[in-house]
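K.L.:
The structure that follows is given in the form of C-alpha cells.
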Amino acid sequence: MSQIRLLGLESIEIGACGADGTMGGSLTPLGHFVEESALLSFPLPTKTEIIDEESDEPDMILKNRGGAKTLAFSTRDMSNANLILAFGGAENASSGWDAPTDVHDIERSVKIKSKVYNGTRRVYYIPRASISAAFNGKFNKKDPGTIDFEVDVITPRDAGDVALAPVYINPENISGKVIDPIITQSAVDKFTITCATGGSAIKYSITGLDPTGDYRTAYSAEVTITEDVLVRAVATKAENDNSNVVSKIITYAVA
C-alpha cells in the first residue's frame, strides 16, 4: 500500500459538474490561499454503546454515519469572478460587483492537488459539492480580507440513479524536477532571472518572502530596482516538481 503524505496545497480548482455524476471537465483554478487554511474533513461516526446492566463495558457498539464531508479554505482573491462564484450576483457596468438579493446555492465539481512528496502528488476529486462562502473584509494592511469557502460533499449519482464515490484520490507521478533558476545582476539597477528548463515559469519576490507564497510576482522581463533587494526565485512547470528556491542580494549601485 502506498503511503499518503500531505505537505502543502498546490491548487484548488472549481467548475461545473459533469454529466451523470462525473467530474466537470472545465475547472477554474483559484489562488492566493491563506496559509494553512485548507482542511478536508471526514468526520468520525457517532457511536451508541449497548451495555448490559451487570457490566461496566459495552456489549456492543453501534456506529452511525458522521456529518457531511467538508472542504474549507480561504482566499484573498477578491476578483469579480471569485465573488460571483462564492456569492452569486453579477459584474456591473462599472466593472465592479453587485451582491445578490437572495441566497446563492450552487453545486460544483472540485479538484484539489497536494504539493509533491517523493516525486508524487495526490489529487483529490469531488465530483459534486455544495459551495457556501463568507466574506470577511478587513480594511487593514496586514490582513486585507478573505473569502472563506466551505464545500459540502454530496454523493453523485449516474444516469441509473446509482450512487458513485463522493470523493476519490489518485496519485500523480511527476516526471522530473525543474532546474534551479539563475538570478543575474544585469546592470547597476537591474536584474534578470533565467531557467534552463524549457517551458518553465519563474516566480520571484524582492522582499525576502517565499516566492511560492501569496505575494510572489511572475517574472517576464528584466526588473529595475531603486534600492538593495534580496531576490528569491523558484521555477515551475506543469507535471514537474518545482525547482529549489534560490536567493541572491542585488545591490543598487546608482550614484
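The values are calculated or read from the model by the stated rules, or taken from the named source; none is laboratory data. A quick note: this is a predicted structure, and the numbers were derived from the prediction, not measured. In this analysis, Cβ positions are derived from the backbone assuming ideal geometry, glycine residues included, and neighbour counts consider all displayed protein chains.
K.L.:
Considering only residues of segment 33-71 that are touching a residue at least 24 places away in the same chain (Cβ under 8 Å) and under 18 Å from D143 (Cβ atoms), which is surrounded by the fewest Cβ atoms within 10 Å (Cβ to Cβ)?
P.N.:
Across segment 33-71, the extreme among qualifying residues is E35.
K.L.:
P156 is checked against (1) out of contact with any Leu (no Cβ under 6 Å at 6 or more places or on another chain); (2) closer than 30 Å to L83 by Cβ; (3) surrounded by 20 or more Cβ atoms within 10 Å (Cβ to Cβ) and fails just one. What number does that condition carry?
P.N.:
It fails just one condition, (1).
K.L.:
If you don't mind, there's one more thing I want to ask. Just a yes or no: is a residue in segment 86-103 in the same structural domain as H32 (by TED's automatic domain parsing), in contact with a Lys or Arg (Cβ under 8 Å, 6 or more places away or on another chain) and not small (G, A, S)?
P.N.:
no
K.L.:
Can you report the number of residues in segment 205-225 which are in a strand (DSSP E or B) and either in contact with a helix residue (DSSP H, G or I) (Cβ under 6 Å, 6 or more places away or on another chain) or among the hydroxyl-bearing types (S, T, Y) (or both)?
P.N.:
4
K.L.:
Right, here's the next one. Kindly list the number of the only condition in (1) within 30 Å of K113 (Cβ to Cβ); (2) surrounded by 16 or more Cβ atoms within 10 Å (Cβ to Cβ) that fails for T194.
P.N.:
Every listed condition holds for T194 apart from (2).
K.L.:
Could you grab me the full set of residues in segment 81-139 that are modelled with pLDDT of 85 or more, charged (D, E, K, R) and surrounded by 16 or more Cβ atoms within 10 Å (Cβ to Cβ)?
P.N.:
Hits for segment 81-139 are R108, K111, K113, R122, R128.
K.L.:
The conditions are (1) modelled with pLDDT of 85 or more; (2) assigned to a strand (DSSP E or B); (3) charged (D, E, K, R), and D180 fails exactly one of them. Which is it?
P.N.:
With respect to (1) modelled with pLDDT of 85 or more; (2) assigned to a strand (DSSP E or B); (3) charged (D, E, K, R), D180 is out only on (2).
K.L.:
Now a separate question. Read through the list (1) in contact (Cβ under 8 Å) with a residue 40 or more places away in the chain; (2) outside the structural domain of S220 (by TED's automatic domain parsing), then give the number of the only condition that G160 fails.
P.N.:
(1)
K.L.:
In addition: If I filter segment 116-139 for residues that are closer than 30 Å to E239 by Cβ, over 21 Å from the mean Cα position of the chain (by Cα), without any contact (Cβ under 8 Å) to a residue 40 or more places away in the chain and outside any helix (DSSP H, G or I), do I get at least one hit?
P.N.:
No: segment 116-139 contains no residue that is closer than 30 Å to E239 by Cβ, over 21 Å from the mean Cα position of the chain (by Cα), without any contact (Cβ under 8 Å) to a residue 40 or more places away in the chain and outside any helix (DSSP H, G or I).
K.L.:
Considering each of I202, I193 in turn, give the residue that is outside the structural domain of A68 (by TED's automatic domain parsing), part of a strand (DSSP E or B) and over 24 Å from the mean Cα position of the chain (by Cα).
P.N.:
Selected residue: I193, the only one of I202, I193 that is outside the structural domain of A68 (by TED's automatic domain parsing), part of a strand (DSSP E or B) and over 24 Å from the mean Cα position of the chain (by Cα).
K.L.:
Restricting to segment 226-247, count the residues that are assigned to a strand (DSSP E or B) and crowded, with 17+ Cβ neighbours inside 10 Å.
P.N.:
Total meeting the criteria: 9.
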